[in-house]
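These notes concern the structure reproduced below.
The values are calculated or read from the model by the stated rules, or taken from the named source; none is laboratory data. A quick note: this is a predicted structure, and the numbers were derived from the prediction, not measured. FYI the Cβ positions are ideal-geometry reconstructions off the backbone, even for glycines, and counts take in every protein chain you see. Heads up: the accessible areas ignore ligands, DNA and RNA and are worked out on the full protein's heavy atoms, side chains in. Shrake-Rupley method; radii C 1.70, N 1.55, O 1.52, S 1.80 Å.
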Amino acid sequence: MIRNIIISSLAMFVLADSSAQSSRTWNGKKAAVVITYDDAIDEHLNNAIPVLDSLGLKATFYITGFSNSMQKRLNDWKNISVNGHELGNHTLYHPCTGGPGREWVKPDYDLRNYSVKRILDETRATNLLLQSMDGKIRRTLAFTCGDTRIGDTSFSALLKNDFVAMRGVRSLMHPIDKVQLDNVDCYGVNGESGDQLTAWAKQALESNSLLVVLFHGVGGGNSLNVSLDAHRQFLTYLKQHEKEIWIAPMIDVAEYIKKYQGK
Ligand SMILES: [Zn+2]
């Protein structure tokens, strides 16, 4: 009798333990969050980096190689990689497909005026520039404006072997077996409060998912913006939940997913 009770409670313990294990698919944690900043603007160096560094969090900066800030503060950008942040590829000139609703796209940098070879060369040249800054060969890309095609040709398919992962712009989150590394979904921030941003992280925890957050302006610098308070509140929440949430640059999380999915 006692033996049976011991065996059945042992079985329950094993069951409970294995379900706890299976919900910790993210490097031993329940969810993963990748914090990304696009376009290489001064506000990332001035406003985002100090908060990240004070909390000891590492993020991914999708660098537009020829941005104003890169031209003026190349060394500051180089230093953030020394400090453990990822320099991701966001092309040299930030070309996008122009047209209705995209009137701000300049003709020189309109993907409708690009050849496929030109976007491939520009993207690979950006890899070289970033390699000269951080010495790294393996890297991730964020599609500019989420654009992946020129006419009928998907240039993203032709870049697949150049990157460990490529980030898109669809607002979705997925568990580890469902993440598509050639089009990683992400939540673009545009005026959300700290509570709203935090709710995304809670949703990732509940669904054992990867949450990728995309910031542009931080306390200004872009029409897509987050307030300094909301940004700080979100990052502080992540830090406080580090036991459950794996917070790492895209390259680390993508390498982990790749290994997991390859099993
Ligand atoms: Zn961009």
Legend entry - Hits in the stretch 99-123 - residues which are of a type outside the set (Gly, Ala, Ser) and part of a loop (DSSP other than H, G, I, E, B): PRO100, ARG102, GLU103, TRP104, VAL105, LYS106, TYR114
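Quick one: how many residues across the stretch 129-153 are farther than 17 Å from ILE251 by Cβ, open to solvent by 30 Å² or more (accessible area, probe 1.4 Å) and modelled with pLDDT of 95 or more? Give the steps one after another, and end with the answer.
Step one: filter the stretch 129-153 for residues farther than 17 Å from ILE251 by Cβ, giving 132, 144-153.
If we keep only those that are open to solvent by 30 Å² or more (accessible area, probe 1.4 Å) as well, we get 132, 145, 148-149, 151-153.
Filter once more, so that each one left must be modelled with pLDDT of 95 or more: 132, 145, 148-149, 153.
Adding up the residues that qualify gives 5.
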Legend entry - Flag for VAL212 being on the phi < 0 side of the Ramachandran plot and part of a strand (DSSP E or B): yes
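Table: residues versus (1) basic (Lys, Arg); (2) within 15 Å of the chain's Cα centre (by Cα); (3) open to solvent by 60 Å² or more (accessible area, probe 1.4 Å).
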residue: VAL226; (1), (2), (3): no, no, no
residue: ALA230; (1), (2), (3): no, no, no
residue: LYS239; (1), (2), (3): yes, no, yes
residue: VAL253; (1), (2), (3): no, yes, no
Inset, instruction - Taking GLY84 as the residue in question, decide whether it is buried (at least 24 other Cβ atoms within 10 Å of the Cβ) and under 19 Å from the mean Cα position of the chain (by Cα). - result: no
Legend entry - Whichever residue in the stretch 174-198 is within 14 Å of THR36 (Cβ to Cβ) and assigned to a loop (DSSP other than H, G, I, E, B) and, among such residues, is farthest from the chain's Cα centre (by Cα): VAL189
Inset, instruction - Please go through the stretch 34-70 and pick out each residue that is more than 13 Å from the ligand (Cβ to nearest atom) and in a loop (DSSP other than H, G, I, E, B). - result: GLY56, LEU57, LYS58, ALA59
